[in-house]
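The values are calculated or read from the model by the stated rules, or taken from the named source; none is laboratory data. These numbers come from a predicted model, not from an experiment. Cβ placement follows ideal geometry from the backbone for every residue including glycine, while neighbour counts extend to all protein chains displayed.
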Amino acid sequence: MKFQERSYSSTLFRPKPHIHLEGDGSLLLITTSWGEPEFAATAAGEIARYVTAARGDIEVTSPFEFLTGISDEANHLRIGLLLANDVLYRGENRIEYVSGVEVMAVSRTENEIAWAHVGAPHLLLRRPGRPLAPLATSFDHSFELALQGRREAPLPSRLLGVEPSCHVACGNLQIGSGDLLVLLASSHLPPALWTTNDSYDLPTITKQMIQADTESPFWLGLVDFEE
């Protein structure tokens, strides 16, 4: 799993995410803290610890049940996020709200990927010869305001650690040769992402996005599964 990222800042604030990538490329965590920056690393650490333990021990215990409609790996990610939510809510946010975290977790086992997320970034699949396909999306509140013709700073709609329980969206998918994952934290989906070129060049797409809208901050990531 090869990972690239780009970010763009404007007069509107969007925090830059914390990136956790396992050395073997089997687990990628994108955690964005809205508040204290260290919360992002705390959430990533909790998720990574559980997923690693669950992979190595099928008997590992958890207070959360397995869902039957998704793969074991997707369940591991989902439970990892729920455990991180519990740690943040009952720890740093116990007395008063200090920070919340957006999380996108992506894992790979052989020819399958799994994901689980609360909030940004969007997760999109680029498959050769096919249109860009959304796998997981989460628009923030500023997206709703933009539909009304108003431009506001990004404002997350879903966060980990601010409620005693949270909904984690998750899934899994078989991947094929040439597949790419596009990750985007932005208040809109820019046309530059829908390029029909055979190559998918991150610097070029980033430049086109900035030229199209200089006032909208964003973070963009690209996952390539080719060895």
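Where residues in region 130-172 are closer than 20 Å to residue 192 by Cα, aliphatic (A, V, I, L, M) and under 18 Å from the mean Cα position of the chain (by Cα), which of them is surrounded by the fewest Cβ atoms within 10 Å (Cβ to Cβ)?
Ranking the qualifying residues of region 130-172, first place goes to 133.
Give region 115-129 a look and list any residue that's touching a strand residue (DSSP E or B) at 6+ places or on another chain (Cβ under 6 Å) and either more than 26 Å from residue 192 (Cα to Cα) or in a loop (DSSP other than H, G, I, E, B) (or both), or say none. Before you say what the answer is, go through the steps one by one.
Just the residues of region 115-129 that are touching a strand residue (DSSP E or B) at 6+ places or on another chain (Cβ under 6 Å), to begin with: 115-126.
119, 120, 121 - these are the residues of region 115-129 that are touching a strand residue (DSSP E or B) at 6+ places or on another chain (Cβ under 6 Å) and either more than 26 Å from residue 192 (Cα to Cα) or in a loop (DSSP other than H, G, I, E, B) (or both).
Would you point out which residue out of 170, 166 is in contact with a helix residue (DSSP H, G or I) (Cβ under 6 Å, 6 or more places away or on another chain), under 27 Å from residue 67 (Cα atoms), assigned to a strand (DSSP E or B) and touching a residue at least 60 places away in the same chain (Cβ under 8 Å)?
Matching residue, one of 170, 166: 170.
Testing residue 6 on (1) part of a strand (DSSP E or B); (2) closer than 22 Å to residue 161 by Cβ; (3) not acidic (Asp, Glu), one condition comes back false. Which one is that?
(2)
Give me the residue from region 200-220 that is among the β-branched types (Val, Ile, Thr) and out of contact with any helix residue (DSSP H, G or I) (no Cβ under 8 Å at 6 or more places or on another chain) and, out of that set, farthest from residue 132 (Cα to Cα).
Across region 200-220, the extreme among qualifying residues is 214.
With part of a strand (DSSP E or B) and out of contact with any Gly (no Cβ under 9 Å at 6 or more places or on another chain) as the only criterion, which of 11, 31 stands out?
Going through 11, 31 in turn, just one is part of a strand (DSSP E or B) and out of contact with any Gly (no Cβ under 9 Å at 6 or more places or on another chain): 31.
Filter region 43-87 down to residues that are polar (S, T, N, Q) and over 18 Å from residue 159 (Cβ atoms) and give me whichever is modelled with the lowest pLDDT.
61
Go through region 95-114 and give me each residue that's in a loop (DSSP other than H, G, I, E, B) and in contact with a helix residue (DSSP H, G or I) (Cβ under 7 Å, 6 or more places away or on another chain).
99, the sole residue that qualifies.
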